[in-house]
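K.L.:
The structure follows.
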Amino acid sequence: MAVAAQLFADRTRAAVVAALLDGRALTAGELARAAEVSAPTVSAHLSRLLTAGLVAVETQGRHRYYRLADGRAARAFEALAALAPVRPVRSLRQSRVAAELAWARTCYDHLAGAVAVSLTDTLIERQVLTETDSSYQLGPQSHVLERFGLDLGTLSNSRRSFAHPCLDWSERRHHIAGALGAGLLTHMVGLRWVSRRPASRAIVIHDDGREGLTEAFGCRLPAQPGQHGAA
């Protein structure tokens, strides 16, 4: 455990992993700018992450693109972040960005933040899912997910976990990860209910998405930053 924790204990490596948490593949130069360090410095840290198997690299022409190898690093990072002290906000921009991330963001390939926790709670309350200590299972009302447009057979037969709790660092509660979590976010993006903010993990939920989540699941979104009351 101590060896694994050391991978995140360095500020530069933590910044690199954080930059890759939205699932994008970035160059070493982009990661150096995100971590605010030199190219040689970030290369040394990328080498350690590659050796540990947390990061993968793909070469296209003259460029090498780095991405998270799988969801393990994202889950570990989010869990550690839930234990971390709150970073002081020193500007209006930092306050806005922090609020956007806490409300809705990507956690590797699934939705996280207050919106994701609210959706998870709703699916459990309405018996679409049932909860165990380590996983979510399909409940008596699971047809709601099929009516939404998900292929539950394909998701259930994937090599990865179907659905498991992921500790949300901003809410200190769980949201849905695994194949189901990824399927929900992918389908919402396909419906254009949500979109990603450029160069950010923050997720924008459009008016159609607000209405769609209420109609499909009975989910009322928590108040969006800068607004009052539930959506």
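Residues checked against (1) part of a strand (DSSP E or B); (2) touching a residue at least 24 places away in the same chain (Cβ under 8 Å); (3) under 20 Å from Ala76 (Cβ atoms):
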| residue | (1), (2), (3) |
| --- | --- |
| Leu111 | yes, yes, yes |
| Leu123 | no, yes, no |
| Ser170 | no, yes, yes |
| Ala182 | no, yes, yes |
| Leu185 | no, yes, yes |
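K.L.:
Continuing with this model, one more query. Taking the condition crowded, with 21+ Cβ neighbours inside 10 Å, within 15 Å of His175 (Cβ to Cβ) and of a type in the set (A, V, I, L, M), does Leu145 pass?
P.N.:
Answer is no for this residue.
Conditions tested, residue by residue: (1) surrounded by 15 or more Cβ atoms within 10 Å (Cβ to Cβ); (2) at pLDDT below 90.
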position: Ala4; (1), (2): no, yes
position: Ala18; (1), (2): yes, yes
position: Thr41; (1), (2): no, no
position: Val55; (1), (2): yes, no
position: Gln60; (1), (2): no, yes
position: His63; (1), (2): no, yes
position: Ala74; (1), (2): yes, yes
position: Phe77; (1), (2): yes, yes
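K.L.:
Out of everything in segment 1-49 that is without any contact (Cβ under 8 Å) to a residue 12 or more places away in the chain and not in a helix (DSSP H, G or I), what residue ends up being farthest from Leu185 (Cα to Cα)?
P.N.:
In this case the residue turns out to be Ser38.
K.L.:
If the Cβ limit is 6 Å and pairs must be 6+ apart or interchain, which residue in segment 51-66 that is within 17 Å of Ala34 (Cα to Cα) and not assigned by TED's automatic domain parsing to the domain that holds Arg33 pairs with which residue that is at pLDDT below 90 and not small (Gly, Ala, Ser)?
P.N.:
If the second residue must be at pLDDT below 90 and not small (Gly, Ala, Ser), no pairs are left.
K.L.:
Kindly indicate whether Ser118 is among the hydroxyl-bearing types (Ser, Thr, Tyr), modelled with pLDDT of 80 or more and part of a helix (DSSP H, G or I).
P.N.:
It is true that Ser118 is among the hydroxyl-bearing types (Ser, Thr, Tyr), modelled with pLDDT of 80 or more and part of a helix (DSSP H, G or I).
K.L.:
Could you list, in sequence order, the residues of segment 187-215 that are part of a helix (DSSP H, G or I) and either buried (at least 19 other Cβ atoms within 10 Å of the Cβ) or among the basic types (Lys, Arg) (or both)?
P.N.:
Scanning segment 187-215 gives Met188, Gly209, Arg210, Gly212, Leu213.
K.L.:
Look through segment 81-109, keep the residues that are over 14 Å from the mean Cα position of the chain (by Cα), closer than 22 Å to Val16 by Cβ and touching a residue at least 12 places away in the same chain (Cβ under 8 Å), and return whichever of them is surrounded by the fewest Cβ atoms within 10 Å (Cβ to Cβ).
P.N.:
Looking at residues that are over 14 Å from the mean Cα position of the chain (by Cα), closer than 22 Å to Val16 by Cβ and touching a residue at least 12 places away in the same chain (Cβ under 8 Å), I get Ala84.
K.L.:
Would you mention how many residues in segment 44-62 are in contact with a helix residue (DSSP H, G or I) (Cβ under 6 Å, 6 or more places away or on another chain) and farther than 12 Å from Leu26 by Cβ?
P.N.:
Residues flagged as in contact with a helix residue (DSSP H, G or I) (Cβ under 6 Å, 6 or more places away or on another chain) and farther than 12 Å from Leu26 by Cβ within segment 44-62 amount to 3.
K.L.:
Also, I was wondering about something else. Out of curiosity, is Arg210 assigned by TED's automatic domain parsing to the domain that holds Arg126 and in contact with a helix residue (DSSP H, G or I) (Cβ under 7 Å, 6 or more places away or on another chain)?
P.N.:
no
K.L.:
Here's a follow-up. Determine which single condition Glu146 fails, assuming it passes every other condition in (1) touching a residue at least 12 places away in the same chain (Cβ under 8 Å); (2) out of contact with any Gly (no Cβ under 7 Å at 6 or more places or on another chain).
P.N.:
(1)
The values are calculated or read from the model by the stated rules, or taken from the named source; none is laboratory data. On a predicted model such as this, the values are computed, not experimentally measured, just so you know. Cβ coordinates were reconstructed from backbone atoms using ideal geometry, including for glycine residues, and neighbour counts include every protein chain displayed.
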